[in-house]
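**Student:** Here it is: the structure, laid out below.
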Amino acid sequence: MSMDSHIEKVLWTQDQISRRVTELAAQITHDFNSVSPPPVVVGVATGAFIFLADLVRNIHLPISVDFIRAESYGSGTLSSGAPVLSLDSKLDVKDKHVILVEDIVDTGTTLSSLIANLVSKGASSVSVCTFLDKPARRKIQVELVGEGKFYRGFEIISLWAMEWTLLNYIGTCLMLEC
């Protein structure tokens, strides 16, 4: 059985994904071009790491990169609703613009807790760049900080999406267990 035999439908191809990541990076470069000090990009581990790598390679600014980890899914596919910070960023974000990079924004619970964490450390603004956004499942409206912006790669309905981290495309699964 091939690795992608359980994929029902390809939603976005590798070329479409690559093009969109380049567009997001160009928008971020434009929006933060005159910001001093340059923004700190914080990836939400581990789901966002490939998206983050592709994104920062295309941002033409002298950025700093760090990671943060919050766990709310455990080993399942439904959020517990109570995210736990298991890895904090190491870079100083006080008085800096932070771009939080997520793989999927779902209920908004984890993202809101991560934003609150960055605010407690003195970030002057917090923007969000997410690969996939599921606004229909939002339980908490995400409030950006300062002049923060929301950058969205793709909007999806409430499907279980097999991400591009291994497949180079996004597809929906035939089974919930995928």
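**Student:** What are the trypsin sites (Lys or Arg not before Pro) within the stretch 93-129 that DSSP puts in a loop, where the Cβ has at most 10 other Cβ atoms within 10 Å?
**Tutor:** Lys94
**Student:** Given points 7 Å out from each Cα along the Cα-Cβ axis, report the Phe150 to Lys94 separation in nanometres with one decimal.
**Tutor:** Here the answer is 3.1 nm between the modelled labels.
**Student:** Here's another thing I want to ask about it. How much FRET efficiency would the formula 1/(1 + (r/R0)^6) give for Arg19 and Glu71, where r is the Cβ-Cβ distance and R0 is 35 Å, rounded to 0.05?
**Tutor:** Efficiency computed from Cβ-Cβ geometry: 0.65.
**Student:** Let me ask something else about it. Tell me the Kirkwood hydrodynamic radius of the stretch 28-153 in angstroms, computed as one over the mean inverse distance between distinct C-alpha pairs.
**Tutor:** Across the stretch 28-153, the inverse of the average 1/r is 14.5 Å.
**Student:** Subtract the Cα-Cα distance of His30 and Arg137 from 0.36 nm times their separation in residues, and report this length gain in nm to one decimal. Intermediate results must be reported in sequence, preceding the final value.
**Tutor:** Working: separation 107, 0.36 × 107 = 38.52 nm, distance 3.02 nm.
Gain on extension, His30 to Arg137, equals 35.5 nm.
**Student:** If r is the Cβ-Cβ distance from Ala82 to Ala53 and R0 is 35 Å, what FRET efficiency results, to the nearest 0.05?
**Tutor:** It comes to 0.75.
Readers should treat all values here as calculations from the given coordinates under stated rules, not as data from a laboratory. Owing to the predicted nature of the structure, the values given are computational and were not obtained by experimental measurement. Ideal geometry is used to build each Cβ from the backbone, glycine not excepted, and the neighbour counts take in all protein chains shown.
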